[in-house]
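The values are calculated or read from the model by the stated rules, or taken from the named source; none is laboratory data. Everything numeric here is computed off the predicted structure, so don't read it as measured data. Backbone-built Cβ (ideal geometry, glycine too); neighbour counts: all protein chains shown.
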Amino acid sequence: MDRLTPAEEQVMLKLWTLQQGSVQEIVDLYVLPKPAYNTTSTIVRILERKKFIKHKSVGRGYIYSPKISKEKYREYLMNHLLKNYFDDDKVEFKKMI
């Protein structure tokens with residue numbers, strides 16, 4: 001699994017909240033200043049290429065949904081932190097949280 005960039009994480013957080021939605025629905029969840037529709041659309045396509053989301057055709061557009069749960073990504077991040085920043089030392093890691 002790839003790590004997400006901060007912008008990709010923000011889109012995933014919105015999509016996890018929606019469970020499924022269009023690019024416009026994702027953009028609508030942002031507070032001001034909202035990212036541009038085209039920027040969000042590009043990030044969505046990147047996330048699809050990374051296999052984090054999938055789409056289905058609806059009319060002339062697409063509805064996107066997560067392929068990976070928020071919990072699964074959270075577990076991946078925790079393991080990544082533990083391995084790369086705490087040398088797999090769970091005791092030291094637990095002291096930090």
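Of the candidates Leu13, Leu32, Leu4, Leu18, the single residue that is touching a strand residue (DSSP E or B) at 6+ places or on another chain (Cβ under 9 Å) and aliphatic (A, V, I, L, M) is Leu18.
Restricting attention to segment 80-97, the residues that are more than 17 Å from the chain's Cα centre (by Cα) and either modelled with pLDDT of 95 or more or outside any loop (DSSP other than H, G, I, E, B) (or both) total 12. Here the condition is being touching a residue at least 40 places away in the same chain (Cβ under 8 Å) and either in contact with a strand residue (DSSP E or B) (Cβ under 6 Å, 6 or more places away or on another chain) or part of a strand (DSSP E or B) (or both); of Tyr73, Tyr62, it holds for Tyr62 alone. For segment 1-38, which residues satisfy the criterion of being charged (D, E, K, R), at pLDDT 95 or above and assigned to a loop (DSSP other than H, G, I, E, B)? Lys34, the sole residue that qualifies. Applying the condition of being more than 14 Å from the chain's Cα centre (by Cα) and of a type in the set (D, E, K, R) to segment 39-72 and asking which residue is modelled with the lowest pLDDT yields Arg60.
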